[in-house]
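Here's the structure, in structure tokens; my notes come after.
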Amino acid sequence: MGEAVKKYSVLIVDDDSASIMTLTHILSSEYTVYAVKSGRQAVQAAEMHLPDVILLDIVMPDIDGYAVLAALKSSEQTKEIPVIYVTGLNTAGSEEKGLQLGAADYIIKPFSPAIVLRRIESQIKMLEQARAAEYNATNYKLVCEAMHIALWRMEARTPVVEQGAEDVNIWIWSQEFRHMLGFSDENDFPDTLESFMSRLHPEDVEGALAAFVAHFNDRTGQTPYDIEYRLRHKNGEYRYFDGFGTALRDPEGYPIRVSGAIRDVTEKKHLEETLDRQNNLLYAVNHAAGVLLTAEDEDTLREALLEGMGIIGRGVDADCVELWRNEWIDGKLYATIRHYWFSDQNRRATTIADFPSFPYSDTANWENRLAQGECIHGPIFGLPPEDQEFANSFGLKSLLVIPMFMKNRLWGMCCIDDYSKYRSFSEDEINILRSVVNMMASAMRRQALDEELHSALEQATAASKAKGDFLSHMSHEMRTPMNAIIGMTAIGRKAADMEGKDHAFGKIGDASSHLLGVINDVLDISKIEANKLELAPVEYDFEKMLHKVLTVVNFRVEEKRQTLSVSIDPGLPRYIVGDDQRLAQVITNLMANAVKFTPEGGEIRLAVSVDWAANGDCELCVEVSDSGIGISAEQQEKLFTAFEQAESGTSREYGGTGLGLVISKRIIELMGGGIRVESELGKGSRFIFTVKARCGPKSRDSGGVCIPCEADRDKGGAEETPGTFAGRRMLLAEDMEINREILIALLEDTGILIECAENGREALEMIEANPGKYDIVFMDVQMPKMDGLESVRRIRALPAMRDISLPVVAMTANVFKDDIEACLAAGMDDHLGKPLDIERALEKLHKYLG
């Protein structure tokens, strides 16, 4: 087995080889021995081996032992190693000098082995004691640091102490005690009772002294000394401490010494306070939730919000809680107060007027931060400069701003304010408060939804009633002309003379026109409700269009002996690009209403003016005024509402669907304009509307100036010359015999030859049999065996028709835009709506046959 490792080591420094050999022989059995023969080697060997003891000769040839000792004591590595002089110098001066330089002991040559061993053992024991003391001190320090405690003691100089009396005892504060309070040494924090008392919180002085005095003076030792107090740190912060101690007493119970400790419990105290506050806050949340969930209407919701705000305000010891709503004012987003709550101790406002609205631009980007769900919080000195200025304007010291959302949009915010103290909120507290604010928002959303549902129910009920009334009215409007048509047909059959038949046919025509108007109104309102009412702009002669309108209404004007005046702006262009049929529909409706609601002998006026824009476009302004019955302000609110008329009695007295103005308004809006009414009961009405338009190419001369309407133009238009289309041939595909008879009769004077097919398949077969026979095709869409769309597709696909241009015009009751587009997509060239307008039919013939 190898030699056991020795615990301690000795360095021998001597220039005499015999002395080194002797000392090595004495020590080597118990110690590890190093040896050198000069002073320079001694310093190097000591730093290398760090021996536990050094045996140093004084007299050496290079450096004497005194110089070596001085060098050893000046080195951080070797200054604590005990040095024993081993020398032949036996003078008091040499020993004294060595001890003054720091030598631990002195051995005189010749030496006794026993003395050498005893002297080294003595140094080793002292070394062990020092190391044990250092170990204990280190452990003590580690324990104190781990437990956050520091020690103190008091040496008693009196058997009894009295609160407030002069203290004569000796107080000693450990270094850890000073460090806990931010002090470095006894110069900053002297060993006096005053050092401690000056740091005590004023509210804790009396209790801390009373507890110590009671323990000190109780000779039975039954009264403990264990109390919590606050001490002011050097940085000015008050921290919480547990102070405790025990008195060492003599046989009679009088104290000799009091030893104690303090433990920093600030973090624990703050944690307990935070937990207590969170528990209180959670209780407040539960309470607030119950309050908010019971709110049923606007009044109880307001009360619930105020109570909920008070609950959370008291739960976090806040001075004020407010709810702010976002509003756009003059193009800027503002926060406007809706509700507020003040604590009893900090009531600063009594009305909402005391909370002025403020723009978000005054804050540090609150709008975007809140919209992203961020909360703004803290004492104002920790906020950005803009927020500090804003908070100071309200007198705040701390604030917490929590966003409120409605339908995933930033609705506003809840502010929790402190005017009296600086404070911070933990993330847990913020999350709890955020849940309360979300409940408030939910309660308001629920209330708003209830109101919307109630309003929607009322509107639905009213709409259902209005539609019911409308259907009843439509039934009357349709049955009345239908009754006239049926009745006058029977009368016409029985009439013996042509005058009676002409009279019956005239009434049938009037009733048919009225029925067609009712049907068109119903179809148009259906398009409006389906958002499918669209315009078909073309270039048209404005004055000709207006003349047709006046022709329609003029016979009623003459019947009622009314006066009709027309005024047209001289600058109005002759040709305009727009939807002439829809514009004529609007003017006709307004003119017909004016005639209808104006008594006999009254006045009707139509005025058209133009306002030119810089880009060459224009705005037409049309005014229709009358001296009729007028419209009340209440009735005017319903004029443009579908399925409602000004009042129920109006329809009974004057007739009409009640849809004309609704349709007219939508048409005007599609044309980029607007309509308004000026009226008063008994004083007539004035309807004014504007539409956007463009001057048509035909109205421009070489200089690009629009040609105005001619006041003396022929208003009647050219009549159709008999035999215009003689020798031309048409194929009419129509499954209804009556419709075939009508078109053949209406076109008889034109001279055109018409052959008929009763369905799409028959039309296909007739064209396939003789591809070049027909000059034009009028084709219905909905027919048996093969519809018009399939028929025209197959006609276009015929090989024989590749080089033949055969115009096909759809003649159908399907008149919506989608229907027209479907016809064109199938291969048709144009579209005619049913009931058939003979003038439009003639226009199509002229267009394709020349």
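The values are calculated or read from the model by the stated rules, or taken from the named source; none is laboratory data. These numbers were taken from a predicted model, which means no experiment stands behind them. We place every Cβ from the backbone using ideal geometry, glycine too, and count neighbours over all the protein chains shown. Quick note on the areas: whole protein, heavy atoms, side chains included, nothing else; ligands and nucleic acids left out. Shrake-Rupley method; radii C 1.70, N 1.55, O 1.52, S 1.80 Å.
What number of residues within the range 72-94 are crowded, with 17+ Cβ neighbours inside 10 Å and not β-branched (Val, Ile, Thr)? So that I can check it myself, show each step before the final result.
First pass over the range 72-94, keeping only residues crowded, with 17+ Cβ neighbours inside 10 Å: 72, 78, 81-87, 89, 94.
With the extra rule that they be not β-branched (Val, Ile, Thr), the set shrinks to 72, 82, 85, 89, 94.
Residues flagged as crowded, with 17+ Cβ neighbours inside 10 Å and not β-branched (Val, Ile, Thr) within the range 72-94 amount to 5.
Would you say ARG423 is open to solvent by 20 Å² or more (accessible area, probe 1.4 Å), modelled with pLDDT under 85 and assigned to a loop (DSSP other than H, G, I, E, B)?
Details: open to solvent by 20 Å² or more (accessible area, probe 1.4 Å): yes; modelled with pLDDT under 85: yes; assigned to a loop (DSSP other than H, G, I, E, B): yes.
Here the answer is yes, as ARG423 does meet what is asked.
Being in contact with a Pro (Cβ under 8 Å, 6 or more places away or on another chain) and assigned to a strand (DSSP E or B) is the filter; apply it to the range 1-31 and report the residue that is surrounded by the fewest Cβ atoms within 10 Å (Cβ to Cβ).
SER9
Please enumerate the residues belonging to the range 139-160 that are modelled with pLDDT under 85 and open to solvent by less than 60 Å² (accessible area, probe 1.4 Å).
Hits for the range 139-160 are ASN139, CYS144, ILE149.
Looking only at residues in the range 194-216 that are among the charged types (D, E, K, R) and assigned to a helix (DSSP H, G or I), which one is farthest from GLU252 (Cα to Cα)?
So in the range 194-216, the residues among the charged types (D, E, K, R) come out as 194, 199, 203-204, 206.
Cutting the leftovers down to assigned to a helix (DSSP H, G or I) gives us 194, 203-204, 206.
Numbers: GLU194: 29, GLU203: 35, ASP204: 32, GLU206: 28 Å.
Ranking the candidates gives GLU203 first.
Give me the residue from the range 653-702 that is modelled with pLDDT of 85 or more and of a type in the set (Asp, Glu) and, out of that set, most open to solvent (accessible area, probe 1.4 Å).
By that ranking, first place goes to GLU680.
So which pairs qualify, if the first residue must be in the range 262-277 and farther than 21 Å from PHE212 by Cα, the second must be in a helix (DSSP H, G or I) and open to solvent by less than 70 Å² (accessible area, probe 1.4 Å), the Cβ gap must be under 6 Å, and the two must be at least 6 apart or on different chains?
From the range 262-277, no pairs qualify.
How about the range 217-249: which of its residues are part of a loop (DSSP other than H, G, I, E, B) and either open to solvent by less than 50 Å² (accessible area, probe 1.4 Å) or under 13 Å from LEU181 (Cβ atoms) (or both)? Break it down into steps so the answer makes sense when it comes.
Within the range 217-249, the subset part of a loop (DSSP other than H, G, I, E, B) is 218-224, 233-237.
ASP218, GLY221, THR223, HIS233, LYS234, ASN235, GLY236, GLU237, listed by residue number.
Conditions (1) at pLDDT 90 or above; (2) among the hydroxyl-bearing types (Ser, Thr, Tyr), marked per residue:
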{"site": "GLY2", "(1), (2)": "no, no"}
{"site": "LEU11", "(1), (2)": "yes, no"}
{"site": "MET21", "(1), (2)": "yes, no"}
{"site": "TYR31", "(1), (2)": "yes, yes"}
{"site": "MET48", "(1), (2)": "yes, no"}
{"site": "ILE84", "(1), (2)": "yes, no"}
{"site": "GLY88", "(1), (2)": "no, no"}
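Could we say that GLY98 is surrounded by 15 or more Cβ atoms within 10 Å (Cβ to Cβ), in contact with a Leu (Cβ under 8 Å, 6 or more places away or on another chain) and at pLDDT below 85 here?
Working: surrounded by 15 or more Cβ atoms within 10 Å (Cβ to Cβ): yes; in contact with a Leu (Cβ under 8 Å, 6 or more places away or on another chain): yes; at pLDDT below 85: yes.
Yes: the conditions hold for GLY98.
When you scan the range 755-809, how many residues do you find that are aliphatic (A, V, I, L, M), within 17 Å of MET730 (Cα to Cα) and free of Cβ contacts under 8 Å to residues at least 40 places away in the same chain?
Within the range 755-809, residues that are aliphatic (A, V, I, L, M), within 17 Å of MET730 (Cα to Cα) and free of Cβ contacts under 8 Å to residues at least 40 places away in the same chain number 13.
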